[in-house]
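Read the structure below first, then the notes.
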Amino acid sequence: MRSSGRAALWRRLGLLALLAVAATPAAASGAGEQQWIDPWAPPAAREAAEQTGAQSSIPTLGDRGFEPILRAIASYEQIARQGGWGRIPDGEPLEEGVRDDRVALIRKHLIATGDMVEASGDLHLFDQRLAEGLRHFQMRHGLRPNGLADHATVAAMNVPVAARLRQLEVNLQRLNKVTAKLARRYVFVNIAGQEVEAVENGRVVLRKRVIVGKEDRQTPEYSSRIESVTLNPYWNVPQSIAVKDLLPKIKADPRFLERMGIRVLKWSDGAEQEVSATRVDWSSPSVTSRYRLRQDPSRLNSLGTVKINFPNPYSVYLHDTPVKSLFSRGERNFSSGCVRVEGVRDLAAWLLAGTGNWNRARIDAAISGGEPLDAALSAPVPIHMLYLTAWVSSDGVVNFRSDVYRRDAKESALPD
């Protein structure tokens, strides 16, 4: 985008003066409901669970999250004026102790972006300082911080500075849409960052990992108000998931539904009645339109033990999951649009604070009882679901994430 367009926006926001604060980069550091997961299937391979960003009390949204991204734009503009960074040839992963011509290029990139400080020595030797710089780069890009120059890390380093600038500008626009709407208490889901924040009085009191929708079942951007929390929920299986995910399993194993605690329901004589799965012709093309599937509350329930409800046209919500291993992945876009929350009972306790005598102990006791229970919040709590592929943490570290939904490319960076 033209620089005149950026300046026009900043003047409108009254924040143009902030751009002089940081001239160099920081040197320190069509959605449906959630995807069916069969808890009896072999567990997915685990990846190291590493923190991917500073765990501060500064919210991502709001002025304190908005102003730093303006300073980051100024920093990356200066990098562009200085020639940006060169492309690093891909090849075998590099590790500490090796000598390679590519090491000098990696070193130059990390110094340019502030991930390491320039120092004397053998430019082609992969030393400890370079490994530490790579870990810092990997953490702020949501990569596994292994200190290796692997294929994913090199690919992230080869994104041109112009593309990173555009990414910052697109996300500046997104932040500006919700900054003025923030209440005293609110929940923020960063879809691309795959985290949720519970914010109260301008401070993050809870930050958790989340699993969001995969590319063909995307989690939508939406703002609403959380009204209730359901403990030990039923799962009413959406037709799309019944057709794509469950029907093949049912055909392969007639006892699958019984094993998973899923009932088959059909309207008959003005009421919904349960039907034996063995009496249904599952090969019929219209079978999923004539029958409804509902999973009973249990340890196998696909929603886990907690469901957080808010009005929206997409039939999405926040919820628990019986399969915890996916939270350890670096990229966590595996659902069918809903948002699975790690440690969701903590979030439920925060939402229900001030509602009767609800607390974490009572939530645990109610879940142990096994009976479905709806708890209405004493006052609705706003929720903002936003797709941020770039933001700045409280210590000035510029974070980038993959544009897994390809939304950045579809949006104009800033109006001219």
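Considering segment 339-366, the residues that are in contact with a Ser or Thr (Cβ under 8 Å, 6 or more places away or on another chain) and either modelled with pLDDT under 95 or of a type in the set (Lys, Arg) (or both) include one that is surrounded by the most Cβ atoms within 10 Å (Cβ to Cβ), namely 340.
Residues checked against (1) assigned to a strand (DSSP E or B); (2) buried (at least 18 other Cβ atoms within 10 Å of the Cβ); (3) under 19 Å from the mean Cα position of the chain (by Cα):
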{"site": "368", "(1), (2), (3)": "no, no, no"}
{"site": "371", "(1), (2), (3)": "no, no, no"}
{"site": "376", "(1), (2), (3)": "yes, no, no"}
{"site": "379", "(1), (2), (3)": "yes, no, no"}
{"site": "383", "(1), (2), (3)": "yes, yes, yes"}
{"site": "396", "(1), (2), (3)": "no, yes, no"}
{"site": "399", "(1), (2), (3)": "yes, yes, yes"}
{"site": "404", "(1), (2), (3)": "no, yes, yes"}
{"site": "409", "(1), (2), (3)": "no, no, yes"}
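Pairs meeting the criteria (first residue in segment 359-384 and farther than 30 Å from residue 182 by Cβ, second residue surrounded by 15 or more Cβ atoms within 10 Å (Cβ to Cβ) and among the small types (Gly, Ala, Ser), beta carbons under 7 Å, at least 6 apart or on different chains) are 373/366.
Counting residues in segment 293-310 that are open to solvent by 10 Å² or more (accessible area, probe 1.4 Å), modelled with pLDDT under 95, assigned to a strand (DSSP E or B) and within 17 Å of residue 234 (Cβ to Cβ) gives one or more.
Of all the numbered requirements in (1) open to solvent by 40 Å² or more (accessible area, probe 1.4 Å); (2) assigned to a helix (DSSP H, G or I); (3) within 18 Å of residue 162 (Cα to Cα), residue 83 misses one, and that requirement is (2). Every condition in (1) out of contact with any strand residue (DSSP E or B) (no Cβ under 8 Å at 6 or more places or on another chain); (2) under 21 Å from residue 186 (Cβ atoms) holds for residue 371 except the one numbered (2).
Selection of segment 86-123 for residues being open to solvent by 40 Å² or more (accessible area, probe 1.4 Å) and among the hydrophobic types (A, V, I, L, M, F, W, C) yields 98, 105, 111, 117, 119, 123. The residues of segment 232-245 that are modelled with pLDDT under 90 and in contact with a helix residue (DSSP H, G or I) (Cβ under 8 Å, 6 or more places away or on another chain), listed by number, are 237, 239, 242, 243. Within segment 211-226, can you find the residues that are of a type in the set (A, V, I, L, M, F, W, C) and over 12 Å from the mean Cα position of the chain (by Cα)? The answer is 226, and nothing else.
The values are calculated or read from the model by the stated rules, or taken from the named source; none is laboratory data. Only a predicted model underlies this, so the values are computations on that prediction, with no experimental measurement involved. Note that each Cβ is placed from the backbone with ideal geometry, even for glycine, and that neighbours are counted across all protein chains shown. When the accessible area is computed, the model is the full protein with side chains, heavy atoms only, and any ligands, DNA or RNA have been set aside. Shrake-Rupley method; radii C 1.70, N 1.55, O 1.52, S 1.80 Å.
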